[in-house]
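Here's the structure, in structure tokens; my notes come after.
Only the coordinates and a few stated rules stand behind these numbers; no lab work does. From a predicted model like this one, the values you see are computed outputs, not experimental measurements. No Cβ is skipped: glycine too gets one built from the backbone with ideal geometry, and neighbour counts run over all protein chains shown.
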Amino acid sequence: MARNSLDVHSFFTLLLPPIVIYYTLAALLCLPRTRLLRLALLPPSLILAYRAASSLDLSYGNDRLVYLNKGLVLAMTSLCFRAIIWAMSREPYKRLQAVNESASSKTKLFLDASDLAFGLRGIGRNWSRGLHIPQETRPLSSKMAFVSWTLLSLCVHIPLLDLMHYTVQSFGPNTFGTVKGGSIFDDDLPPITRYARSTFISFISGIVVYCAIRVSYDFSTIIGVLVLNQLPIQWPKVFDSPWKASSLSDFWAKRWHQLFRHFFIGIGSVPLYCAFGRVGSVLGAFLVSGLLHYVGLFGLGNGSDIMGMVGFFLLMGCGVLLEALWKKITGQRVGGWSGRIWTMVWLLGWSNLLVDAWARKGLIGALFIPDSQRLPVKLFGPLQTS
């Protein structure tokens, strides 16, 4: 299907409609006795989101910017997942503590709907119970002090993102370092060297993902605090030192970002728990995560990879279940230094599947910063590509 570049016409006819109906669902969810109306709006919301994801081209024909289409597909898929949960909810979503008491009822509804629509973790709301909030290390005494520390984080993570991305690309400048893609596994190398190399590439790629999310979240934090006049406490850290994880359960439930936790539980964990108990609950959450990444990869225009996307996350769920089995047999939780080693080995070992799928579909060859402005290019020279 031919995609339409984003312009004024396509913005109003393709991109805006699913966002409007999504926001309408958020507003209705803040009001009592709206379930039937929400259910009626669910089908058009799914159709409009699919149309936007499959019809828009945010790259404007530039192959190195096609990852923006992947972001669009991820956003629209997340919108669909949230719309399903919102439409099915029997009770309205509420704040645990009242805010903006002096505001009018319409203003409160607008603020509540906006917070629900754009606040992925549901901080301070009844639907986010059990959510892990990282301990804050930035100053909360004033908005300017908080924003200053967030700006400092940007100054650290933007160049680190670029350097790590450049490093990964340098391992395959004519293959997976380009948009045509290629495997991170070099068949010309002996097996031990081959997999040591691919695992190192996967490790650096993990740092790239971490930095990319940090940068996006820091930008959003600054906009939320300075432009939308939100409180710093509404923007807690997105990660909780994932390198300190002492188990897979600790890594995925607390230390990695929890931005999609709500629909991983609502669409995957809860339904499969009813059918298969604890095993279904764990695998269901990771299955939905895998499906989100699987569908998102289609945005690159080169198809997707079910083993690299869904397979990786199901294997993470299997690791969590193995930890539960260990506790049942030994009476002790996975933890300590042995737990850290176990977590690193399981994550890095299977991450080869995930990163290789990204590499073969051309994602690693994406251009986040123009070559003319990339510090690593200025320091070490351009990567030689054919």
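Numbers for the structure displayed
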| item | result |
| --- | --- |
| Volume per residue that the Cα convex hull of the chain spans, once the total is divided by residue count, Å³ | 173 |
| Residues of the range 227-253 with amide N under 17 Å of a point placed 7 Å along Cα→Cβ from Ser141 | 232-233 |
| Ranked Tyr60, Tyr195, criterion: other C-beta atoms within 10 Å, fewest first | Tyr60, Tyr195 |
| Global form of the range 1-146, assessed from the alpha-carbon gyration tensor, a/c cut-off 1.5 | oblate |
| R0 of 41 Å, Cβ-Cβ distance Leu151-Met88: FRET efficiency to nearest 0.05 | 0.55 |
| Order by protection proxy (mean Cβ within 10 Å, highest first), peptides 33-46, 278-291 | 278-291, 33-46 |
| From phi via Karplus (6.51, -1.76, 1.60), per-residue ³J(HN,Hα) for the range 242-254 in Hz, x at Gly/Pro | x, 5, 9, 4, 9, 6, 5, 4, 5, 5, 7, 8, 10 |
| Semi-axis lengths (Å, descending) of the ellipsoid that matches the C-alpha gyration tensor of the range 156-256 | 33, 18, 9 |
| Local electrostatic count at Leu25 - Lys and Arg +1, Asp and Glu -1, tallied over other residues with Cβ under 10 Å | +2 |
| Unit charges on C-beta of K, R, D, E only; dipole of the chain, Debye | 1100 |
| Length released on extending from Phe276 to Ala324, taking residue separation times 0.36 nm less the Cα-Cα span | 15.7 nm |
| Theoretical FRET efficiency, 1/(1+(r/R0)^6), r = Cβ-Cβ of Thr193 and Met344, R0 22 Å, to 0.05 | 0.65 |
| Packing-based ranking, highest mean first, of 178-186, 163-171 given that Cβ atoms within 10 Å are counted | 163-171, 178-186 |
| Anchor Lys180: lysines whose Cα lies under 16 Å away (excluding residues fewer than 8 positions away in-chain) | Lys70, Lys361 |
